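**Student:** Got a structure for you, questions after.
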Amino acid sequence: MKTESRLEKMLNSGHFAVTGELGPPRSAYLETLKQHADAMRNHVESYNITDNQTAIVRTSSIGVAAVLMQMGLEPNVQMTVRDRNRICLQSDLLGAVSIGARNFLCLQGDHAKFGNEPQSKNVNDLDSMQLIRALKNIRDEGVFVSGEKIEHPLPRIFIGAVANPFADPFEYRHLRLAKKVAAGAQFIQTQCIFDMDRFEKWMEKVRELGLHKKVHIMGGVTPIKSIGAARYMQKNVAGMIVPDELIDRLRGADNKQKEGLNIAVETIQRLKEIEGVAGVHIMAIAWEEVVPEIVERAGLYPRPEID
Amino acid sequence: MIVAERKPLAEIAEMLKPFRKICILGCGTCVTVCLAGGEKEAEETAAALSLLRQNEGLETEISTGTILRQCEYEYIDDYAKNGFDCDAILSLACGVGVQTMVARLPDKIILPGLNTKFMGYPLEQGVWTENCLGCGDCVLDLTMGICPITRCSKSMLNGPCGGSQNGKCEVDKDVDCAWHLIYERLSKLGLADRMDVIQPPKDWSTSHHGGPRTIVREDVRLEDGE
Ligand code: SF4
Ligand code: SF4
């Protein structure tokens, strides 16, 4: 079936793809987000829209996706299983497809404990693996989780998932990716890469299993704005590794922001050389304006034409 | 066993304020073992409450007692033979016990003295941990005895999530990641490939999501009039 997803076309064509990320605000005021989206419209294929990231109430991912599409931009709708049961997840999928969204990224989601409604109930009816499979079954088999048939076939959707080479147990992480691919994931975005050695070790194991040929793997890159931000990620964000050398490098630099950008650009340049890495996912949350510069300096601009 | 904690004294005092004659009733089974609501705790609570009410100038008459199991009519009936001479009963049983008492003694005011926490076991003296949610469809065979429903903070069936680091759960650095434990256990048993199986969505209808659950076993039921 012919895909309508620009991201899928780009990845299928073998071009090194670039995706961006937008974090919806804690309000329904979207002007700033729209400006950020507009500023990188020529630099990324599509935009991840986070789903109540870190369990904080924000404009919904699908709501923002609709706004993006009105601007002629392509969303990757993030879906966590934290807040919605299988009825709602499947219904939201249909709703999002009906307004034109084609790319979906399945995640477990941070625990509600970390957010601004820590007393809320964590749903977790499905887990992220089961959500991937559910989306695939709806699309390919025409059946919902219950086994009931969908009344009309779903247009082709592009199913994404995340992988974290920096979580433990490390010796299981590539096997977990294999499981996600078996469940139906077609593209993968990784956790932010700061520890390149560990990422390369993981990629080696990924290639041993031949997974890079079955799924498009996009390396996650986040430009670091300050030593404080690096420290915060090192200490407080579960499943992230920020090596001390990186913090030392920032400390040694006169202009921390410039150095942060240099590191991001170098990371992308290294990713481009790694066999099996199909693209880069740039997460510059609260620093969106630097995305065009990063993409340009990494030699990924202009983006290839794709029809 | 069922693990509980006594409610703060202030909360207990507040709910008992309208009553003068109070009976504090411990339960002799789980909550005795977990040191929350046995005979000893009933007496301690009575002493503390008396003092508090005295200071507040409230007229008070407190008695104490213990029922071996407040969750079974047989034991309640046995204890209730002599009647209750009080305006309210503070039950130091778990939520099951309190409700069984209410069902059996509908004309009494029975109030909860404990916060019922979970099903679990003592890890060491003074430390209890939860390990079963009573989901109604046990998967311990898949994980070789480590419950992902209870012990994974996201109740994942296909873990571990991306927050697992150094064997600990993203939610709390003092909590073991259940899926890390499962991975290690399965690996040790030579069953690591079980992790590759995509576990399908769980049937939560057997869990507590559909109203109170009931088990009927015809083989042990009594015939009418038996
Ligand atoms: S799988 Fe269900 S029944 Fe089994 S231990 Fe876990 S919560 Fe209890
Ligand atoms: S870190 Fe482990 S226990 Fe915690 S939510 Fe993730 S998989 Fe579950």
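The values are calculated or read from the model by the stated rules, or taken from the named source; none is laboratory data. Please read all numbers here as calculations on a predicted model, not as lab measurements. All Cβ positions, glycine included, derive from the backbone under ideal geometry; neighbour counts span all protein chains shown. Quick note on the areas: whole protein, heavy atoms, side chains included, nothing else; ligands and nucleic acids left out. Shrake-Rupley method; radii C 1.70, N 1.55, O 1.52, S 1.80 Å.
**Student:** Residue by residue through the range A:22-48, note down the ones that are among the charged types (D, E, K, R) and open to solvent by 10 Å² or more (accessible area, probe 1.4 Å).
**Tutor:** Filtering the range A:22-48 for residues among the charged types (D, E, K, R) gives A:26, A:31, A:34, A:38, A:41, A:45.
Answer for the range A:22-48, where residues must be among the charged types (D, E, K, R) and open to solvent by 10 Å² or more (accessible area, probe 1.4 Å): A:R26, A:E31, A:K34, A:D38, A:R41.
**Student:** Here's something else I'd like to know. How many residues are within 11 Å of chain B (Cβ to nearest Cβ), over 16 Å from B:N158 (Cα atoms) and among the aliphatic types (A, V, I, L, M) if we restrict to the range A:95-138?
**Tutor:** Residues flagged as within 11 Å of chain B (Cβ to nearest Cβ), over 16 Å from B:N158 (Cα atoms) and among the aliphatic types (A, V, I, L, M) within the range A:95-138 amount to 1.
**Student:** Between a first residue in the range B:116-131 that is away from every other protein chain (no Cβ under 14 Å) and a second residue that is away from ligand 2 (no atom under 16 Å from the Cβ) and among the charged types (D, E, K, R), which pairs have beta carbons less than 9 Å apart while being 6 or more apart in sequence or on different chains?
**Tutor:** B:T116/B:E5; B:K117/B:E5; B:W128/B:K117; B:E130/B:K117
**Student:** Continuing with this model, one more query. Cβ-Cβ below 8 Å, separation at least six or inter-chain, first residue in the range B:134-146 and touching a residue at least 24 places away in the same chain (Cβ under 8 Å) and away from ligand 2 (no atom under 15 Å from the Cβ), second acidic (D, E) and part of a loop (DSSP other than H, G, I, E, B): which pairs?
**Tutor:** Close Cβ pairs (under 8 Å, with a partner that is acidic (D, E) and part of a loop (DSSP other than H, G, I, E, B)) amount to B:D137/B:D203.
**Student:** Looking only at the range B:147-159, decide whether some residue is more than 14 Å from every other protein chain (Cβ to nearest Cβ) and within 16 Å of ligand 2 (Cβ to nearest atom).
**Tutor:** Yes, the range B:147-159 contains at least one residue that is more than 14 Å from every other protein chain (Cβ to nearest Cβ) and within 16 Å of ligand 2 (Cβ to nearest atom).
**Student:** Quick test for you: out of A:V97, A:V57, pick the one residue that is surrounded by 18 or more Cβ atoms within 10 Å (Cβ to Cβ) and either in contact with a Cys (Cβ under 9 Å, 6 or more places away or on another chain) or among the β-branched types (V, I, T) (or both).
**Tutor:** A:V97
**Student:** B:V171 - would you say it is more than 8 Å from every other protein chain (Cβ to nearest Cβ), without any contact (Cβ under 8 Å) to a residue 24 or more places away in the chain and closer than 22 Å to A:R82 by Cα?
**Tutor:** Taking the combined requirement at face value, the residue does not satisfy it.
**Student:** In addition: Taking only the range B:185-196 into account, find how many residues are in contact (Cβ under 8 Å) with a residue 40 or more places away in the chain and either part of a loop (DSSP other than H, G, I, E, B) or closer than 17 Å to B:F118 by Cβ (or both). Steps first, answer last, please.
**Tutor:** Residues of the range B:185-196 in contact (Cβ under 8 Å) with a residue 40 or more places away in the chain: B:185-186, B:189, B:191, B:194.
With the extra rule that they be either part of a loop (DSSP other than H, G, I, E, B) or closer than 17 Å to B:F118 by Cβ (or both), the set shrinks to B:189, B:191.
Residues flagged as in contact (Cβ under 8 Å) with a residue 40 or more places away in the chain and either part of a loop (DSSP other than H, G, I, E, B) or closer than 17 Å to B:F118 by Cβ (or both) within the range B:185-196 amount to 2.
**Student:** Just the residues that are small (G, A, S), assigned to a helix (DSSP H, G or I) and open to solvent by less than 50 Å² (accessible area, probe 1.4 Å), please, taken from the range B:1-54.
**Tutor:** B:A13, B:A42, B:A46, B:A48, B:S50
**Student:** Among the residues of the range A:196-223, what is the count of those that are part of a loop (DSSP other than H, G, I, E, B) and open to solvent by 30 Å² or more (accessible area, probe 1.4 Å)? Can you show your working first?
**Tutor:** To start, the set of residues in the range A:196-223 that are part of a loop (DSSP other than H, G, I, E, B) comprises A:209-210, A:214-215, A:222-223.
From what's left, open to solvent by 30 Å² or more (accessible area, probe 1.4 Å): A:209, A:214.
The number of residues fulfilling the criteria is 2.
**Student:** Can you tell which of B:G163, B:G190 is within 12 Å of chain A (Cβ to nearest Cβ) and more than 24 Å from the chain's Cα centre (by Cα)?
**Tutor:** B:G163
**Student:** Please enumerate the residues belonging to the range B:198-221 that are away from ligand 1 (no atom under 16 Å from the Cβ) and more than 23 Å from the chain's Cα centre (by Cα).
**Tutor:** Selection gives B:I198, B:R217, B:E218, B:D219, B:V220, B:R221.
**Student:** Could I ask something else about it? Please count how many residues of the range B:173-197 are charged (D, E, K, R), surrounded by 13 or more Cβ atoms within 10 Å (Cβ to Cβ) and away from ligand 1 (no atom under 16 Å from the Cβ).
**Tutor:** The total comes to 1.
**Student:** So for the range B:75-83 (the condition being outside any helix (DSSP H, G or I) and either within 14 Å of another protein chain (Cβ to nearest Cβ) or surrounded by 14 or more Cβ atoms within 10 Å (Cβ to Cβ) (or both)), does at least one residue qualify?
**Tutor:** no
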